[in-house]
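Peer 1: One structure, as structure tokens, below. Some questions next.
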Amino acid sequence: RTGIWQLKRLVVQHCTWGGSSAGTREFVEKVLPEWKKRFPQIPVEVKIKKNRHPYLHGEYQNGRQKDVGLRNQDVDAVTTYMDLLANQWGGKHASITHNGKRVETKAQSVQGLWTPYLNRPSSQE
């Protein structure tokens, strides 16, 4: 965001023999050295955990951490997730929270729009 890479550290965890780690193992052996040349400012740690599914763990400058599961993913998908974590700034995902903005749709609601005065009792007594 400010010209400083926000991803502070990246951890790749995989199993040495598990089937769900096959794509991640191939990525670590063949593609990771080239990826490190593209992003030399990001330290990458490779952890081997037996009997565990593979995942990526990213730590950002603002203290936020993001995990991405890599179970049964191929090399291209692992590369895409690595690039995604490297290029993010560590904030919440905007499409999940809608970033505080109004969501507009083409289909009208059957129930109508919500207003703060919807369920208040009428003042006519």
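Peer 1: How large, in percent, is the carbon and sulfur part of the accessible surface of the range 4-83 at a probe radius of 1.4 Å?
Peer 2: Here carbon and sulfur together make up 47 percent of the probe-accessible area.
Peer 1: Give me the accessible area per residue for the range 1-49, probe 1.4 Å, as a whole number in Å².
Peer 2: With all protein chains present, the range 1-49 gives 60 Å² per residue.
Peer 1: Right, another one. Need one value: the accessible area of D76 in square angstrom, 1.4 angstrom probe, rounded to the nearest 10.
Peer 2: The accessible area comes out at roughly 110 Å².
Peer 1: Beyond a 21 Å Cα-Cα separation, which of these cross-linked pairs lie in this structure: K8/K47; K30/K66; K37/K66?
Peer 2: K30/K66; K37/K66
The values are calculated or read from the model by the stated rules, or taken from the named source; none is laboratory data. Keep in mind that this is a model prediction, so the values were computed, not measured. Only protein heavy atoms, including side chains, enter the accessible area calculation; ligands, DNA and RNA are left aside. Shrake-Rupley method; radii C 1.70, N 1.55, O 1.52, S 1.80 Å.
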